Amino acid sequence: MTAETILTNAKVLTMDGARPRAEAVALAGGRILAVGSRAEVEALAGPDTQVIDCGGRTLLPGFVESHLHLVLGGNELTQLQLGGVMGHEAVAAAFRAFAARQPEAPLLMAQGAAYGIFGPDTTRQHLDAIIADRPIAMMSPDHHTVWANTAALEAAGILRGAVMPHGHEVVMGADGLATGELREFEAFSPVLALSGEMHLQLGIATGGEPDPWPSDLRQAMDREKALAGLKHCASHGITSMVNMDGNRYTCVLLAGLRDEGRLLARVKVPFHFKPHMELTELDRADAMRAEFADDWVMSGFVKMFMDGVVDSRTAYMLNDYPGHPGHRSDPLFEPERFKEICREIDRRGLQIAVHAIGDGAVRTTIDGYEVARVANGPRDSRHRIEHIELIDRADIPRLGALGITASVQPPHPPGVMDFPLGTMETIFPPERWKDAYLWKSLADKGAPVAYASDWPVTDVSVMRGLQAALTRKPFSDDCTDERLGLMESLYAYTAGGAWAAHMDHITGRLVPGLAADLVLIEGDIEAIPAEEIGETGIALTICGGRITHRGARFA
């Protein structure tokens, strides 16, 4: 068979144990035709073959982003970005300039606002002093807290408070009015709804679908938001992703892009199960799995939240938060009911992914998975825990023993990339630092590891994430070095992520017959100093045999 495309003169790292290295790769029909030496592969060239000289650059399987929020991230690309902006004057200048560019916007929304952006507390009065006559709001980097001004709270109907589900809170002041701080999705959804785009967040916020169903025009606009996110990800070498928000509507948008020939990555989308739901709601998860099951748009897994995040002290801990006696937060699912839910999801043959940050949440999640395994028997479930920022040492070997994937994010540990080290000093007791972000310990005890960014919570750049993974230092002298090596980290961003998503039969390795998903990075990855990897560019991204991104040298 003649190759359609040949990439040659490359340092090929296949992530395949049977043949880990090669010099060239041939592609045909959207799949990998051959992997081998230059002579072997170049012999497959015909008169119409596109031959790409890689110039000694590193060629890898396309990156698998194991945890991101695609449509939300794409939508946020046009919003005000406050990452690194601190203090009243700087925030005011940014908001007012943004407002001038958006004179008709019903909500002026900002992203990346640090928890200490105005000091110890952030209130509606801080935002009122910036803009009082238009609704404005800003989202924390972790996307679990929003701060809104009085106009936004009034327009959303929550200035005087609102009844919220367990774990979601409109924080109230001594004056009987909302302070402006809104914790978790249900609390800030009324403010986000002012933008007219709340239907994009229904999956992660409520587990629901748009009602009424969006018009053809609205769907076309929403597809463009998804496409903006896909283009951004393709520029970072990403060819597959696990989209951790979403619902059936998300799948419909992506399937529309697929049918138009504009889908730039393979995307897996969950059904979100919320604490208020009955088990019969899982029929919707079954229906999504049946409806979306090709190599490009797929479902087949259920996402749940067991807790919140450490910065707002909504992560569920086994011990008290420093300086807050008696406060450990609570699990969002009652543990015995969670076990029942896990049994039923597992019985249906669906995968489970649970957001669990605190050590209490992690333990509760493991307990649920263990009960499901005992009740239904072992199977190739590949259940996952997302984040695992703190874990009790006794629970570390349980992941490996139960085959639970540690789906973790190299950019998240404080001090390693964009999150300040101060979080460790204010949220985690110093004696527990040794139990935080224990990825190597988990891997050493047999847990499969998948890497991701959690974009737009952090930068989606895989190269920056890889640098973070390789340069992270122990928090203190009694902490172990929890870095995985270069090849282990690359595996977690490729084959490991594909396996964790049940996509290893499609992608993740450079093996004949698998999808032609590849990324060519600038330079020799094994020769680049770890502290410089984040600056390394993406020369080419190829998904399904089609070039989805060209760096400057291949433009």
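The values are calculated or read from the model by the stated rules, or taken from the named source; none is laboratory data. This structure is a prediction, so every number in the text was calculated from the model and none was measured. Please note: Cβ atoms are built from the backbone with ideal geometry, for glycine as well, and neighbour counts cover all protein chains shown.
The table for this structure:
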| item | result |
| --- | --- |
| Residue selected from the stretch 228-280 under the condition in a loop (DSSP other than H, G, I, E, B) and among the basic types (Lys, Arg), by the criterion nearest to Gly74 (Cα to Cα) | Arg262 |
| Among (1) within 20 Å of the chain's Cα centre (by Cα); (2) assigned to a loop (DSSP other than H, G, I, E, B), the one test that Pro331 misses | (1) |
| Subset of the stretch 169-180 (residues that are surrounded by 20 or more Cβ atoms within 10 Å (Cβ to Cβ) and closer than 22 Å to Pro275 by Cβ) | Glu169, Val170 |
| Lone unmet requirement of (1) out of contact with any Phe, Trp or Tyr (no Cβ under 7 Å at 6 or more places or on another chain); (2) more than 14 Å from Trp439 (Cβ to Cβ) for Ala500 | (2) |
| Residue that is surrounded by the most Cβ atoms within 10 Å (Cβ to Cβ) [pool: residues in the stretch 59-88 that are at pLDDT below 95 and in a helix (DSSP H, G or I)] | Val71 |
| Test set (1) more than 22 Å from the chain's Cα centre (by Cα); (2) more than 28 Å from Ala228 (Cα to Cα) - Gly261 fails condition number | (2) |
| Residue in the stretch 100-109 that is modelled with pLDDT of 95 or more, in contact with a Lys or Arg (Cβ under 9 Å, 6 or more places away or on another chain) and on the phi > 0 side of the Ramachandran plot present | no |
| Positions within the stretch 309-322 being over 19 Å from Asp395 (Cα atoms) and out of contact with any helix residue (DSSP H, G or I) (no Cβ under 9 Å at 6 or more places or on another chain), in sequence order | Val309, Ser312, Thr314 |
| Pro135 surrounded by fewer than 19 Cβ atoms within 10 Å (Cβ to Cβ), more than 22 Å from His272 (Cα to Cα) and under 31 Å from the mean Cα position of the chain (by Cα) | no |
| Test for Ala34: is it assigned to a strand (DSSP E or B), among the small types (Gly, Ala, Ser) and assigned by TED's automatic domain parsing to the domain that holds Arg550 | yes |
| Subset tally (residues that are surrounded by fewer than 22 Cβ atoms within 10 Å (Cβ to Cβ) and either among the hydroxyl-bearing types (Ser, Thr, Tyr) or touching a His at 6+ places or on another chain (Cβ under 7 Å) (or both)) for the stretch 499-534 | 0 |
| The stretch 365-380 - residue that is crowded, with 23+ Cβ neighbours inside 10 Å and not aliphatic (A, V, I, L, M) and, of those, farthest from Asp283 (Cα to Cα) | Thr365 |
| Test: Gly56 is small (Gly, Ala, Ser), modelled with pLDDT of 95 or more, touching a Lys or Arg at 6+ places or on another chain (Cβ under 8 Å) and within 30 Å of Thr507 (Cβ to Cβ) | yes |
| Residues located in the stretch 133-175, provided they are farther than 18 Å from Ser329 by Cα, β-branched (Val, Ile, Thr) and either in contact with a Leu (Cβ under 6 Å, 6 or more places away or on another chain) or touching a residue at least 12 places away in the same chain (Cβ under 8 Å) (or both) | Ile136, Val146, Thr150, Ile158 |
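For (1) outside any helix (DSSP H, G or I); (2) assigned by TED's automatic domain parsing to the domain that holds Met317; (3) of a type outside the set (A, V, I, L, M, F, W, C), each residue gets a yes or a no:
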residue	(1), (2), (3)
Glu344	no, yes, yes
Ile352	yes, yes, no
Arg363	no, yes, yes
Ile366	no, yes, no
Tyr369	no, yes, yes
Val374	no, yes, no
Arg382	yes, yes, yes
Ile385	yes, yes, no
Asp395	no, yes, yes
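Let's see how each residue does on (1) touching a helix residue (DSSP H, G or I) at 6+ places or on another chain (Cβ under 6 Å); (2) under 25 Å from Asp245 (Cβ atoms):
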site	(1), (2)
Phe98	no, yes
Gly112	no, yes
Asn149	yes, no
Leu177	no, no
